[in-house]
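Novice: Take this structure first; my questions come after.
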Amino acid sequence: MDNIVDLEKHFQDRIDAEQRIEPKEWMPDAYRKTLIRQISQHAHSEIIGMLPERNWLTRAPSLNRKAVLLAKIQDEGGHGLYLYSAAETLGVTREDLLDDLHSGKAKYSSIFNYPTLTWADMGAIGWLVDGAAIMNQVPLCRTSYGPYARAMVRVCKEESFHQRQGYEIMMALCEGSEEQKQMAQDALNRWWWPVLMMFGPKDDASANSEMSLKWKIKRFSNDELRQRFVDMSIPQIEYLGLTVPDSELKWNAERGHYDFGEVNWNEFWEVVKGNGPCNHQRLETRKKVYEEGEWVREAALAYADKQQVLRESSQHVA
Amino acid sequence: METAKNKTNQALFNVVLSLADSTLILSHRLSEWCGYGPVIEQDIAMSNIALDLIGEARNFYDYAAKLEGAGKTEDDYVYFRESKDYKNLLLCEQLNGDFAHTVVRQFFFDSWHIHFLDVLRNSPDETLAAIAGKSFMEVSYHIKWSSEWVIRLGDGTEKSKQKMETALEALWPFSGELMEATEDEKILIAAGILPNFEQLKTIWMEQIMSVLTRATLEVPTGKNTVQTGGKTGRHTEYLSYLLAEMQSVQRAYPGLKW
Ligand SMILES: [Fe+2]
Ligand SMILES: [Fe+2]
Ligand SMILES: [Fe+2]
């Protein structure tokens, strides 16, 4: 018992001293569980997040946009890989994590449960969704668990390109015809509030926040990050000549921040519960893809096994 | 003299456009896998190949635009031509089907592509030589990828072998078009601008046989030139759907910048 108390104290001391925790070290069970939950949720979000954008990939209106969007979506797949690998250092397998995703036990970012309805959504997603992701993720490059922090460094390097390609799509639309401007405004109207939800519930309603802050898995609270994101985005929206779909938005000189309206938390929890516009569709798609790929994965394993046997028998001969 | 030169130029334009179309359409098909791959690693690998091919297509379109000299852009060719104007190989427009079909389609194509580019690198046409030089390294990765998967799936499980056999049978009739010279291609072969297709045919067949043997698969026995005509604009039913989807935004709002 004493031993556990000592271990926990030593662990927290290391965290407080900003030292990185590595896979083989002792860590509290709850820390491990929190990390597995958060990293796998993050990995799933990268993979599910490919779906809303691939919806317009084959209709991209120029070869250049098509190539850039494909590279962007491909990056997201890569992020999923880095993150599954980071989660695996905590003693789980990718297969287990995917099973949890498919059974609905594991969550992924609710933002991907919204539909992409026009080409402008490719702009709004890259600019705002990836923008919000960056806001959430940059602090994670200093998160206390080593493999997670290192995965995030790689992820963040690529995210800024994602945001730029999104903003460039929006710029092209806003410099274009009246129809294109309307398309851009419509996308902003639909994505703005769901993007603000990406930072999670308000601090006083966030179940996992406190311990995560203590363990330095998290560095800033949900509300802090949300405010930062709003402050950063408003000038960008103004530059595009678009309007923020929030009648309460105004600059507060005293606080030095924008005041903004209340997120529809009812909608937020509904989507988390599975009642968003695309929850069913996204999960069914992933399950179908996974099932259809099963024979390929089996064949690859069978082939690898045969090769292994061949190698071993040739070693015996030698 | 002048007319012979014109004829060569016209042939060159047609052939360059055909190369652009084939690489574009195959890239498009591969991009349809994006997000749907059997494992993430292969999802990424197919996007990689698609990206390489779209890059190659853009180089060819660029050259085609120069040859035509009408001030067109790559997007004019891609978004505002109909099925009958497209000159891609029929093989490239065939549906993805299951992963086995995609692998076989890619393998047939890569087995031609790598050797075609290898010779084209030394073409007296400097632009073609430069494009080929640029793509050659990328395509040597593609052929490695598709060959390895042919072997893995052929020599994997009973089920994967069966799927590969089905895919080989289905796509074999389209594979001969790769090396069947059109009138335009014949002009350029005679001028030494394009590689000798007869030689390519031999090398291609050797490649196919050696990989299929390692995969414990049989080479299909039927004629492989049953389905041809893509390079002169006669396509299968699949292409117009692909184009309708690909061109939909551009065509709904013509003349805009995106
Ligand atoms: Fe990402
Ligand atoms: Fe991203
Ligand atoms: Fe590549």
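The values are calculated or read from the model by the stated rules, or taken from the named source; none is laboratory data. Remember, it's a predicted structure, so these values are computed and weren't measured experimentally. Cβ atoms come from the backbone with ideal geometry, glycine included; neighbour counts cover every protein chain shown.
Novice: Of everything in segment A:206-234, what is over 15 Å from A:Q12 (Cβ atoms) and among the charged types (D, E, K, R)? Give them in sequence order.
Specialist: A:K218, A:R219, A:D223, A:E224, A:R226, A:R228, A:D231
Yes or no, residue by residue, for (1) surrounded by 17 or more Cβ atoms within 10 Å (Cβ to Cβ); (2) within 16 Å of ligand 2 (Cβ to nearest atom); (3) in a loop (DSSP other than H, G, I, E, B):
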position: A:F161; (1), (2), (3): no, yes, no
position: A:G166; (1), (2), (3): yes, yes, no
position: A:L173; (1), (2), (3): yes, no, no
position: A:W192; (1), (2), (3): yes, no, no
position: A:V195; (1), (2), (3): yes, yes, no
position: A:I217; (1), (2), (3): yes, no, yes
position: A:L225; (1), (2), (3): yes, no, no
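Novice: Let me ask you something else. Within the set of pairs 6 or more residues apart or between chains, which connect a residue that is under 11 Å from B:K223 (Cβ atoms) inside segment B:167-179 to a residue that is outside any helix (DSSP H, G or I) and among the hydrophobic types (A, V, I, L, M, F, W, C) with Cβ atoms less than 8 Å apart?
Specialist: The qualifying pairs are B:P173/B:V226; B:G176/B:V226.
Novice: Have a look at A:L90, A:L83, A:L101, A:L117 and point out the one that is in contact with a His (Cβ under 8 Å, 6 or more places away or on another chain), more than 14 Å from ligand 2 (Cβ to nearest atom) and touching a residue at least 60 places away in the same chain (Cβ under 8 Å).
Specialist: A:L101
Novice: Follow-up. Within segment A:38-58, can you find the residues that are surrounded by fewer than 20 Cβ atoms within 10 Å (Cβ to Cβ) and either touching a residue at least 40 places away in the same chain (Cβ under 8 Å) or within 13 Å of ligand 1 (Cβ to nearest atom) (or both)?
Specialist: Looking only at segment A:38-58, we keep the residues that are surrounded by fewer than 20 Cβ atoms within 10 Å (Cβ to Cβ), and these are A:41, A:55, A:58.
Those that are surrounded by fewer than 20 Cβ atoms within 10 Å (Cβ to Cβ) and either touching a residue at least 40 places away in the same chain (Cβ under 8 Å) or within 13 Å of ligand 1 (Cβ to nearest atom) (or both): A:Q41, A:N55.
Novice: Could you list, in sequence order, all residues of segment A:9-53 that are in contact with a helix residue (DSSP H, G or I) (Cβ under 6 Å, 6 or more places away or on another chain) and within 16 Å of ligand 2 (Cβ to nearest atom)?
Specialist: Listed by number, the residues that qualify are A:H42, A:A43, A:H44, A:E46, A:I47, A:I48, A:G49, A:M50, A:L51, A:P52, A:E53.
Novice: Tally up the residues in segment A:43-77 that are facing chain B (nearest Cβ under 7 Å), under 23 Å from B:P254 (Cβ atoms) and either outside any helix (DSSP H, G or I) or of a type outside the set (K, R) (or both), please.
Specialist: 7
Novice: Then there is this: Could you list, in sequence order, all residues of segment B:21-64 that are more than 30 Å from B:A129 (Cα to Cα), in contact with a Ser or Thr (Cβ under 8 Å, 6 or more places away or on another chain) and more than 7 Å from chain A (Cβ to nearest Cβ)?
Specialist: B:W33
Novice: Is it fair to say B:G55 is free of Cβ contacts under 8 Å to residues at least 24 places away in the same chain and away from ligand 2 (no atom under 16 Å from the Cβ)? Quick ask: steps written out before the conclusion?
Specialist: Details: free of Cβ contacts under 8 Å to residues at least 24 places away in the same chain: no; away from ligand 2 (no atom under 16 Å from the Cβ): yes.
Answer is no for this residue.
Novice: Those residues that are within 14 Å of ligand 1 (Cβ to nearest atom) and either within 14 Å of chain B (Cβ to nearest Cβ) or within 16 Å of A:T89 (Cβ to Cβ) (or both), I need them from segment A:127-147; list them, please.
Specialist: A:L140
Novice: Can you confirm whether A:V289 is under 22 Å from the mean Cα position of the chain (by Cα), modelled with pLDDT of 95 or more, at the interface with another protein chain (Cβ under 7 Å from one of its Cβ atoms) and part of a helix (DSSP H, G or I)?
Specialist: yes
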